[in-house]
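A short write-up of the structure that comes next.
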There are 2 protein chains.
Amino acid sequence: MRKWEHGSNTANGVGIMALIVQKYGGTSVGTIERIKNVADRVIKEYKSGNKLVVVVSAMGDTTDKLIKLMKGVTSDPDPREADMLLTTGEQVSIALLTMAIQERGYPAISLTGSQVQIKTNDHHNKAEILGVDNNRLIEELDQGKIVVVAGFQGINSNNDFTTLGRGGSDTTAVALAASLGAERCEIYSDVEGIYTTDPRVVPEAVKLDYISYNEMLELAHLGAKVLHPRSVELAKAYNLKLYIASSFNYKPGTVVKGVDDMEKRRSVTGVTCEKDEVKVTVQKVPDRPGVAGKIFKELARYNINVDMIIQNLQYDNRNDITFTINKEDLIKCKKVIYRIAEELNAGGVEIDTRVAKVSIVGAGMISTPGIAGKMFEIMGNENINIQMITTSDIKISCLIRENQAEKALKTLHRQFELGNITQKQAR
Amino acid sequence: MRKWEHGSNTANGVGIMALIVQKYGGTSVGTIERIKNVADRVIKEYKSGNKLVVVVSAMGDTTDKLIKLMKGVTSDPDPREADMLLTTGEQVSIALLTMAIQERGYPAISLTGSQVQIKTNDHHNKAEILGVDNNRLIEELDQGKIVVVAGFQGINSNNDFTTLGRGGSDTTAVALAASLGAERCEIYSDVEGIYTTDPRVVPEAVKLDYISYNEMLELAHLGAKVLHPRSVELAKAYNLKLYIASSFNYKPGTVVKGVDDMEKRRSVTGVTCEKDEVKVTVQKVPDRPGVAGKIFKELARYNINVDMIIQNLQYDNRNDITFTINKEDLIKCKKVIYRIAEELNAGGVEIDTRVAKVSIVGAGMISTPGIAGKMFEIMGNENINIQMITTSDIKISCLIRENQAEKALKTLHRQFELGNITQKQAR
């Protein structure tokens, strides 16, 4: 893997310059007008003297249109052929953006995932990047060109096109930035940055100036619309600075980076709420060793991710085992769990979809005692019953009734004073 | 270049089989329903025991839609980026057709021009095929798969996508057939074959069972909607049989192949009319050596193709030099010809766009005396004035007034008895 060398063309009198990777999402290139707007933004950065790689997604609803065509042919597409179809979406947008940049008189070139040699494994539709061969990229950068790369796509060892699945274009951008040793990776979309909580639910929500990788990962559900956890993990692994901002204005966004001392003072950075949890209770399971193991091993075998788990001893040496899963795994889970319940001679299975998981996240939590107690107290004061609890170093999550989720979110945001977090702590 | 060996997998018990290349044009794959129809046709051929490579164009108006997007960005697109954009059209149709074949339970795989390694020169938008690396193709064929290949596209030595220009998908099909040593190449579209003349103008026009390469080339204007001259030239060079038929029914089409004795008996095979000719006369040019040379060298320098030429000595040692060009070169031609006329101290320039070129074509013409005379006589009897004449071994063309073209076409078709050519001569 060849790295781009900073200031490698000082011979041209450009002096030390940085390499920046920018990524523009589907909404940002959703129309010809928006593509022209992106061209203007790209050129603005280029004129500041930086080397520039620009990763773009397919135009707005292109992917949906292609999927509609596909559904007209088959309900069960061959993953390889689905990737052959879907990779055309980004190819269209890189060509158009490159033309828009050239039309303004600046040098640019478009490259597909196969031309950049973004090498992936064979998992069509959800491939993982194995490596990037930078040679063509660096060659074009060294010629002073803005290089526009198709996000979301790569090639496997058989030279077949693959797609990276959800969050794929973010992952492309971060992988290229990491592989080229870029100064930073900028992710532009229709969202202005990372907020203390969902601004549509809590109007007092504040945009964060910065956030740590770990906090960002815990806030995944908040951030998923902006930034997929995969790309955050990759950025963290390479200690690559991410910048999340809107492509529709120049308001400052949010920097995602490693933790420094100052950040640790922020005990709580954000509050999130996930409504796609389902609570499953296997009732009156005989209290024998290995019973819980059997349940969760079976669920794992069917690729069902289990989130929270509790076990309560009931009367008569029998336990209730309760866990939560994601709604999208519910059908699969039902098939497995009723069978196991019968095998274990359990009392029955109860499934509750009207639950929500409310979490507080903060890198400083670990050094601030009493945060969990404060959270439970706030919930109690509002008569919100906590059904389950899980914690990590930087997150505390409570499962509550779904219809109390909004109240919980607002109260926690207010009580932890997140509405003025930026002024007090962020700078 | 590796050739596919006939019967190479007799180990599978399939026995001697032929390799067929089929090509389906944009109209034939214009909707999901039509793609499914093509899948049925392809499978029918596959079930007959033949190895099959299927070349497809972009779906109906896809290319137009892409060009509309492009025009929204720039009126002067970089040819490389235009190719990046346009090659997505065929990529969509190969994926959908492959899925449709798989949906019916037959093995298929799609390959782009770059995956097939259709190597071209650097002339973006009008690239020429230099060679085909058959390895991947043969590998997939040997696994018993129907291989669906994107027409119209290739890659240059820099691994950049190129397009082949007008008639590109036909050329792809013929190049693959030639390179693989296929039994024949079948070109399917919404036209049922090659006719003795345009059936929309002359209802008595008859579909030919066969036609020679040379006749087909001379009938280019008739055939261009069905088959581009480039692909005919390539087929001729490799002595590859072409079969032109409709994808919407199973009526017999037209075979394009080498001449045999029997064919020579057909003195006239078809009548054509081209209305996109323009007649240019440079008047009263001094009768000096090198004058005509100067005019036509200048026109060639600007890539203006000259078709017919005559020179008449007028009074006073001055000539009128008249020639015809294609309408699409008229603007370019005007720029050049007025300047030259002035430099030569000519009398003036006259441009006449209301002309048409009517031609009769036939491989047997060369061995049938009096055909030209008969043609001129027929025209004379109908009071059609002939302004210019050109001839080749198998074609005689007359420039006439445009508003007499239809009459000329009908009369020639009737007088040369083309209405019953198939019954009399073709079988």
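Listed values for region A:140-151 are Karplus-derived 3J(HN,Hα) couplings in whole Hz (6.51 cos²θ - 1.76 cosθ + 1.60, θ = phi - 60°), namely 6, 4, 5, 8, x, 8, 7, 9, 9, 10, 6, x, and x replaces Gly and Pro. Placing a label point 7 Å from Cα along the Cα-to-Cβ axis, B:PRO203 is separated from the same position in the other copies by 7.6 nm, shortest listed first. Every pair of different Cα atoms in chain A enters the Kirkwood calculation, which places the hydrodynamic radius at 23.6 Å. Rounded to the nearest 20 debye, the dipole size of chain B about its Cα centre is 440 debye, using +1 on the Cβ of Lys and Arg and -1 on the Cβ of Asp and Glu.
In degrees from 0 to 90, rounded to the nearest 10, what is the angle of the helix B:32-47 Cα long axis to the longest principal axis of chain B? Long axis of B:32-47 versus the principal axis of chain B: about 70 degrees. If only the Cβ of Lys and Arg carry +1 and only the Cβ of Asp and Glu carry -1, the dipole of the protein assembly as shown around its Cα centre is close to 340 debye.
For A:ILE366, the point set 7 Å out from Cα toward Cβ sits 8.9 nm from its twins in the other copies, listed from shortest up. Among chain B residues, the one whose Cβ is nearest the axis of the rotation from B to A, given with its distance rounded to whole Å, is B:THR88, 2. For A:LYS241, the residues whose amide H sits under 5 Å from its own are A:CYS185, ignoring neighbours fewer than 5 places away on the same chain, with H placed 1.01 Å from N. Label separation (B:ARG200 vs B:THR368): 2.8 nm, computed from points 7 Å beyond Cα along the C-beta direction. Across chain A, Cα pairs under 8 Å and at least six residues apart give a relative contact order of 14 percent.
Taking region A:308-334 and a reference point 7 angstrom along Cα→Cβ of A:ALA300, the backbone N atoms nearer than 18 Å belong to A:308-311, A:322-326, A:333. Between A:ASN312 and B:ASN249, the modelled label-to-label distance comes to 7.6 nm, taking each label 7 Å out from Cα in the direction of the beta carbon. Report the FRET efficiency, 1/(1 + (r/R0)^6), for A:ARG104 and B:GLU377, where r is their Cβ-Cβ distance and R0 is 56 Å, rounded to 0.05. FRET efficiency, A:ARG104 to B:GLU377: 0.30. For a modelled paramagnetic label at A:ARG288, 7 Å from Cα along Cα-to-Cβ, the residues of region A:324-350 in reach, with backbone nitrogen under 11 Å, are A:343-346. Scanning residues 5 or more positions from B:LEU208 or on other chains, those with amide H under 5 Å from its amide H are B:ILE194, B:TYR195, B:THR196, with H placed 1.01 Å from N in the peptide plane.
Using only the alpha-carbon atoms, how far is helix A:62-73 inclined from the longest principal axis of chain A? Give it as 0 to 90 degrees, nearest 10. Its long axis makes an angle of about 70 degrees. To the nearest ten degrees, helix A:291-301 and the longest principal axis of the Cα atoms of chain A are 30 degrees apart. Mean-square fluctuations from a GNM of chain B, with a 10 angstrom spring cutoff on Cα atoms, peak among B:ALA220, B:ALA173, B:ALA292 at B:ALA292.
Considering only A:ALA175, A:PRO107, A:GLY60, and ranking their Cα positions along the charge dipole of region A:10-190 that arises from unit charges at the beta-carbon of Lys, Arg, Asp and Glu, the one farthest toward the positive end is A:PRO107. Across the cross-link table entries B:LYS275/B:LYS410; A:LYS334/A:LYS395; A:LYS297/A:LYS334, which are compared at the Cα atoms, the separations over 19 Å belong to A:LYS334/A:LYS395. Sequence-ordered 3J(HN,Hα) estimates for region A:188-195 from the Karplus curve with 6.51, -1.76 and 1.60 and θ = phi - 60° stand at 9, 8, 8, 10, 7, x, 9, 9 Hz, glycine and proline given as x. For B:ARG414, inter-copy separations between label points set 7 Å beyond Cα along the Cβ vector come to 9.6 nm, shortest first.
In summary, the lysines within cross-link reach of B:LYS241, defined as a Cα separation below 16 angstrom excluding same-chain residues under 8 places away, comprise B:LYS23, B:LYS257. With all protein chains kept in place, the per residue accessible area of region A:262-427 amounts to 51 square angstrom at a probe of 1.4 angstrom. The phi-based Karplus calculation (6.51 cos²θ - 1.76 cosθ + 1.60; θ = phi - 60°) puts the 3J(HN,Hα) values of region B:210-216 at 8, 7, 7, 3, 5, 4, 4 Hz, whole numbers, x for Gly and Pro. Remark: spin-label model distance B:TYR338-A:HIS123 equals 6.8 nm, labels positioned 7 Å along the Cα→Cβ axis.
The values are calculated or read from the model by the stated rules, or taken from the named source; none is laboratory data. In this text, all values refer to a predicted model and were calculated from it rather than measured experimentally. All Cβ positions, even for glycine, are placed from backbone atoms using ideal geometry, and neighbour counts span all protein chains on display. Side chains included, ligands, DNA and RNA excluded: accessible areas come from the protein's heavy atoms. Shrake-Rupley method; radii C 1.70, N 1.55, O 1.52, S 1.80 Å.
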